[in-house]
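Below you'll find the structure, written out as structure tokens, and then a few comments.
The values are calculated or read from the model by the stated rules, or taken from the named source; none is laboratory data. Keep in mind the model is a prediction, meaning the values are calculated, not measured. Every residue, glycine among them, receives a Cβ derived from its backbone with ideal geometry; neighbour counts consider all protein chains shown.
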Amino acid sequence: MASSLATRIGLVAGVSIATLARGWGMSARAAFRRARRAGSAPASGMGALNSSPGDDIRGWILRPSDRSSLTPALFLDRDGVIVEEVGHLGRSESVQLIPGASAAIARANGLGVPVVVITNQAGIGKGLYQWSGFESVNREMIRQLADEGAWLDAIFACPFHPDAFPPYQATDHFGRKPEPGMLLQAGRDLDLDLRASWIVGDTLSDIVAGRRARLEGAVLVLTGHGTRHREEAIALSDEQYPVLIAPTLGVAAALIPFLA
């Protein structure tokens, strides 16, 4: 787990967390905390990502875990759940928080529940925008959330799509929702109890990914693409994996057991 986290936290003062951890003889998390105390580690924003362009799943750990036991998380899709759906969002000036989203995230923050964004990014794979555009969008989203007293613990993204250009062209890629790859990666990197976690999304692929990752439940919001996926999402609901419906993320938070 430490090596997986170390490759994703990024660079501190030009030196990777993995290198610091080896040099100090400690775990990646301990190295990050030591670097932060020394004033070298980024405290907010996207930070830097230490990965190659062909990595299957990219992850930005914004708040490394220092928990001694597994904890449930709130998984969120980004576009259509936290920010308005505009179609292949690659420009920071187009970022607009959906009303109620920041309050729901702040509630999870206050209860100590990690908030993790899990987002398909076919626009990168199709060449509509670059990773730099994706990061600028996330920085603006993080800034707007911070203005309203909310924060994210991590963001995971997968650029693979059947119609993407190499190296991101793939059919049924394990990292792309509805496959559970990003959720499973987040669980490993952040010490999460997936069985007790919930996902909130606006598409059927979000709901199916949560089921395949064996989460406790899901909420489909009717913002973004949610309205057209409502009936299919309801059909997936059962005792083992309840699927609830809410108009917005703000209302969804009141339906999730550990946030209610």
Open item on the list: Suppose the filter is closer than 22 Å to K177 by Cβ, surrounded by fewer than 22 Cβ atoms within 10 Å (Cβ to Cβ) and in contact with a Ser or Thr (Cβ under 8 Å, 6 or more places away or on another chain); does I155 pass it?
Closed with: no
Open item on the list: So if I check each of L76, L89, which one is more than 22 Å from G210 (Cα to Cα) and not small (G, A, S)?
Closed with: L89
TODO: Output the qualifying pairs, or none if there are none: Cβ atoms under 8 angstrom, residues six or more apart or on different chains, first residue in segment 172-192 and more than 15 Å from R214 (Cα to Cα), second residue of a type in the set (F, W, Y) and modelled with pLDDT under 95.
DONE: H173/F160; G175/F160; R176/F160
- [ ] Kindly establish whether D202 is under 24 Å from L62 (Cβ atoms) and modelled with pLDDT of 95 or more.
- [x] yes
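Looking at A213, A233, A252 in this structure, which one is among the hydrophobic types (A, V, I, L, M, F, W, C), over 18 Å from V116 (Cβ atoms) and surrounded by 19 or more Cβ atoms within 10 Å (Cβ to Cβ)?
Testing whether each residue is among the hydrophobic types (A, V, I, L, M, F, W, C), over 18 Å from V116 (Cβ atoms) and surrounded by 19 or more Cβ atoms within 10 Å (Cβ to Cβ) leaves just A233.
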Task: Selection count, segment 122-171, where residues are assigned to a loop (DSSP other than H, G, I, E, B) and either under 15 Å from the mean Cα position of the chain (by Cα) or farther than 23 Å from G100 by Cα (or both) - done: 20
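Which residues, taken from segment 114-147, are of a type in the set (S, T, N, Q) and in contact with a Lys or Arg (Cβ under 9 Å, 6 or more places away or on another chain)?
Scanning segment 114-147 gives T119, N120, Q121, S136, N138.
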TODO: Could you give me the residue pairs with C-beta distances under 6 Å whose first residue belongs to segment 125-152 and is assigned by TED's automatic domain parsing to the domain that holds W60 and on the phi > 0 side of the Ramachandran plot, whose second residue is crowded, with 17+ Cβ neighbours inside 10 Å and in a helix (DSSP H, G or I) wherever it lies, and which are 6+ apart or on separate chains?
DONE: G149/A106
